[in-house]
Amino acid sequence: MKHIFIVNPAAGNGRGEKVYQPKILSFVKDSGLDYEIHRSLNKQEIGTYVRQRAESGEKIRFYATGGDGTLCDVVNGAIGFPNVEVAVLPCGTGNDFVRNFTNRENFTDIAKQVNGKPVPVDVIKCNDFYSINMLNIGADCEVVVRAAQIKSKSGSWSYIRGALEVLPKGPRYHMMYTDENGQEVEEDLLLIAIANGHYCGGGFNSCPKACLEDGLMDVVIVKPVRGLKMLSLLLKYHNGTHLGDPAAAPYIKFIQVPEFRLKAFDEVNVSVDGEVNPFTEAEIKMIPGAINFVVPEGSEMI
């Protein structure tokens, strides 16, 4: 098997290149591993490079050395190729996807990654893009935008700072979505999280019931809320206690579905595994077992 390390030099303020690339070189020097190191030029290039290499039919394991966005780019290139496995060496700001596994420190151990085993995990398809972790739409996404603006000063706290700046303003977005019965619902919303994994925003447990292999998206729909109720709901949203909480129930709708349609009437963005794009309308569905994801030695799916 060929082992290709995709190093994002911009990830984690340069940690991918400054910290992980030397660790990779130190390990492979005496390992006899059939490897390559690819330093990415930009995020658009990552998916193209992975797809071109995958088309050879050679059995390849790609290591996304970066944050959740780098992992997403590798997944978008690897989708549809059964000869490809995807691993991640997390060195971004949030690193939310690896929170779905036990013993997260194993993801930064090169030897345990190389000795890891692939498991099929689901992937969300949103129009022509794929997400392995989560789509965040509305205020959730604006928090990501604000966090990106301040992360150089606040590091992993940037998401919490962003949330405290954005959410108390009570933004609202007029949207139409399909409920669990396929019926269209049109209303003002604060945010929608459409999840495969549990976490977003550097540790917000927004979808605590999510599972990477059940073939269903967990959709959390939050109605507008302001003031002290907003702060209370934010804390519960961070800790993963908002589902089933009687005080939060008037503001939250939770469904698990294999397909979901969504339309925004107001200007709104979507965060796809941390990468922000403008959004108007989407057909969203779960693709079961679409990626062979490498779980490092000593870890397992939660």
When every residue in the stretch 5-57 that is surrounded by fewer than 19 Cβ atoms within 10 Å (Cβ to Cβ) and of a type in the set (Val, Ile, Thr) is compared, the one nearest to residue 277 (Cα to Cα) is 48
Go through the stretch 221-268 and report how many residues are part of a strand (DSSP E or B), out of contact with any Lys or Arg (no Cβ under 6 Å at 6 or more places or on another chain) and either of a type in the set (Val, Ile, Thr) or modelled with pLDDT of 90 or more (or both). 14
Out of (1) of a type in the set (D, E, K, R); (2) within 24 Å of residue 291 (Cα to Cα); (3) outside any strand (DSSP E or B), the odd one out for residue 218 is which? (3)
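Rundown of residues vs (1) over 23 Å from residue 112 (Cα atoms); (2) without any contact (Cβ under 8 Å) to a residue 12 or more places away in the chain, yes/no style:
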| position | (1), (2) |
| --- | --- |
| 6 | no, no |
| 18 | no, yes |
| 23 | no, no |
| 33 | no, no |
| 47 | yes, no |
| 61 | no, no |
Mind checking whether some residue in the stretch 83-94 is assigned to a helix (DSSP H, G or I), at pLDDT 95 or above and closer than 26 Å to residue 206 by Cα? no
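The values are calculated or read from the model by the stated rules, or taken from the named source; none is laboratory data. Since we're looking at a predicted model, the values are computed, not measured. Positions of Cβ are backbone-derived with ideal geometry, glycine not excepted, and every protein chain shown enters the neighbour counts.
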